[in-house]
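**Q** Take a look at the following structure, please.
Throughout, read-outs are computed from the coordinates displayed, never taken from laboratory work. Small disclaimer: the values here were computed from a predicted structure and weren't measured. We place every Cβ from the backbone using ideal geometry, glycine too, and count neighbours over all the protein chains shown.
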Amino acid sequence: MASWWWPSAASAAHPAYARRALRDQDDAETSLAEAASGQALVVVVMKGHWCQVCSDQLARLADKQQELSALGARHVGLNADSPAANKGMLDARGIRARVLSDAKHELLASLGLWLPSEGYPMPALLVFDRCGDEVARWTGRQPDDRPEVAVLRVLRRLAAERRGCSRPSA
């Protein structure tokens, strides 16, 4: 079953957003904050490198990178697979994107997306503003549960507000 939300009140940045506990497909240590580089961040939470639906969604967002950049955003994939498995998937599919590995499931669990009984995370699309606050989330196993068009609407809203953050400026 699909779900999505947009918080009505400003939320604090996710505690693990800046923690360097992830590895990219080149096995470099990183965090969501480093992947965002001061921009909004769209995170494609993938069941795994083997999930065709998830990698298709990552590829569609990679094809929209110019539009994402114009809206002040980047995108990454996130799963629990090894960096090598992620690199193999990206190379085999010719996808120009970054995929982060959370092999210990710590970030995925803290986001409420790790499914221990399944051994993989719930597929999701997350949008973090440039401050690291999660501002939108769509979850579900079907592609229509995680619509890229809705992500673009959220990013346009953030860009129109010209703040880029859900919380007021200090």
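**Q** If you take every residue apart from V149 with its C-beta less than 12 Å away from the C-beta of V149, what net charge results, scoring Lys and Arg +1 and Asp and Glu -1?
**A** +2
**Q** Please give me, ordered by residue number, the GluC sites (Glu not before Pro) of segment 109-157 that lie in loop per DSSP and have at most 15 other Cβ atoms within 10 Å.
**A** Sparse-neighbourhood loop GluC sites (Glu not before Pro): E118.
**Q** Right, another one. Which percent, nearest 5, of DSSP beta bridges in the chain are antiparallel?
**A** Rounded to the nearest five, the antiparallel share is 70 percent.
**Q** Using only the Cα atoms, what convex hull volume per residue in Å³ does segment 10-161 have?
**A** 97 Å³
**Q** While we're here: Could you name the lysines in cross-link range of K104, using Cα to Cα under 20 Å and dropping any fewer than eight places away on the same chain?
**A** K47, K87
**Q** Right, here's the next one. Any idea how far the Cα center of segment 92-152 sits from the one of segment 52-75, in Å?
**A** 13 Å
**Q** Also: Work through the residues other than A59 whose Cβ is under 12 Å from its Cβ and net out their charges, Lys, Arg +1 and Asp, Glu -1.
**A** My count for the surroundings of A59 gives +1.
**Q** Could you pull out every residue, at least 5 positions away or on a different chain, whose amide H is within less than 5 Å of the one on H49? Hs are placed 1.01 Å off N in the peptide plane, and Pro or chain starts have none.
**A** So H49 has HN proximity to D81.
**Q** Please say if segment 72-124 is rounded, prolate or oblate, where rounded means a/c under 1.5 for a ≥ b ≥ c the square roots of the C-alpha gyration tensor eigenvalues, and otherwise the choice is prolate for a/b larger than b/c and oblate otherwise?
**A** oblate
**Q** Counting helices only, and only those DSSP H runs with n ≥ 4, report the 222 nm mean residue ellipticity of the chain as the sum of -39,500 (n - 2.57) divided by its residues, in deg cm²/dmol to the nearest 500.
**A** -8500 deg cm²/dmol
**Q** Here's another thing I want to ask about it. In whole Hz and in residue order, list the ³J(HN,Hα) couplings for segment 144-151 that follow from phi through the Karplus curve 6.51 cos²θ - 1.76 cosθ + 1.60, θ = phi - 60°; x for Gly and Pro.
**A** Values per residue, Gly and Pro as x: 5, 6, 10, x, 4, 4, 5, 4 Hz.
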